[in-house]
Amino acid sequence: NSIKGSKAVNLHDYLWVHLDNTFRAFIYEKDRSPQITGFLNAAQQQIAQNTLELTGLNREPSSPETVKDKRWKARKAAWDAALQAKVNLGQQPSEQMSQIILVLAIHTGFWSIWMTVFQNDTDMRQRLIDAFQGTSTDCFDGQTQALPRPNGQL
């Protein structure tokens, strides 16, 4: 990641997707960078803030746009695709539509955005959890609500 560069980091000062349930740390909203959720304690909030700054996920688009705005554009494209997919599934609920949406989600990336857009669709969220390689199933309950990662900071 070019944002991270060669900064020296203390691993305990950041959240890591392979160690922590980072989905619990951030709120995802359309047209905004990820925000820190309000239920974290002060120490967890600082760790989440460190993570946003290290990865550059807190960047907003500049005016005029620059080359550094690529991630923002990709995040917006993922939001648009996920919102349209949700409409399509509502209009044509079927196994085939669900499978098409999963292919699109995997291709587009931004798993957290897809999980947020489908926040009221437990079936689709479970499919997303299962479809995205590396997603830890023990970080979610049977209703696809985020749980603390075993042995993680969050």
If a residue must be assigned to a helix (DSSP H, G or I) and more than 28 Å from ASN41 (Cβ to Cβ), how many such residues does the range 129-154 contain?
2
Would you confirm whether any residue within the range 35-43 is closer than 15 Å to TYR14 by Cα and part of a helix (DSSP H, G or I)?
yes
So TRP16 clears everything in (1) surrounded by fewer than 16 Cβ atoms within 10 Å (Cβ to Cβ); (2) of a type in the set (Phe, Trp, Tyr); (3) modelled with pLDDT under 95 except one condition, right? Which one?
(3)
Can you find, within the range 103-123, the residue that is surrounded by the most Cβ atoms within 10 Å (Cβ to Cβ) among those that are over 15 Å from the mean Cα position of the chain (by Cα) and in contact (Cβ under 8 Å) with a residue 24 or more places away in the chain?
ASP121
Could you give me the residue pairs with C-beta distances under 8 Å whose first residue belongs to the range 79-90 and is over 13 Å from ILE113 (Cα atoms), whose second residue is of a type in the set (S, T, N, Q) and surrounded by 13 or more Cβ atoms within 10 Å (Cβ to Cβ) wherever it lies, and which are 6+ apart or on separate chains?
LEU89/SER98
Here are some conditions: (1) of a type in the set (A, V, I, L, M, F, W, C); (2) buried (at least 18 other Cβ atoms within 10 Å of the Cβ); (3) modelled with pLDDT of 95 or more. LEU154 meets all but one. Which one does it not meet?
(3)
Failed item in (1) at pLDDT below 95; (2) farther than 25 Å from GLU60 by Cβ, with TRP72 passing the rest
(2)
Could you go through the range 79-86 and let me know if any residue there is buried (at least 18 other Cβ atoms within 10 Å of the Cβ) and either modelled with pLDDT under 95 or of a type in the set (Phe, Trp, Tyr) (or both).
yes
Restricting attention to the range 130-137, does a residue exist that is more than 14 Å from THR22 (Cα to Cα) and over 16 Å from the mean Cα position of the chain (by Cα)?
no
What about SER62, is it at pLDDT below 95 and not charged (D, E, K, R)?
yes
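The values are calculated or read from the model by the stated rules, or taken from the named source; none is laboratory data. This structure is a prediction, so every number in the text was calculated from the model and none was measured. Using ideal geometry, Cβ is built from the backbone for each residue, glycine included, and neighbour counts are taken over all protein chains shown.
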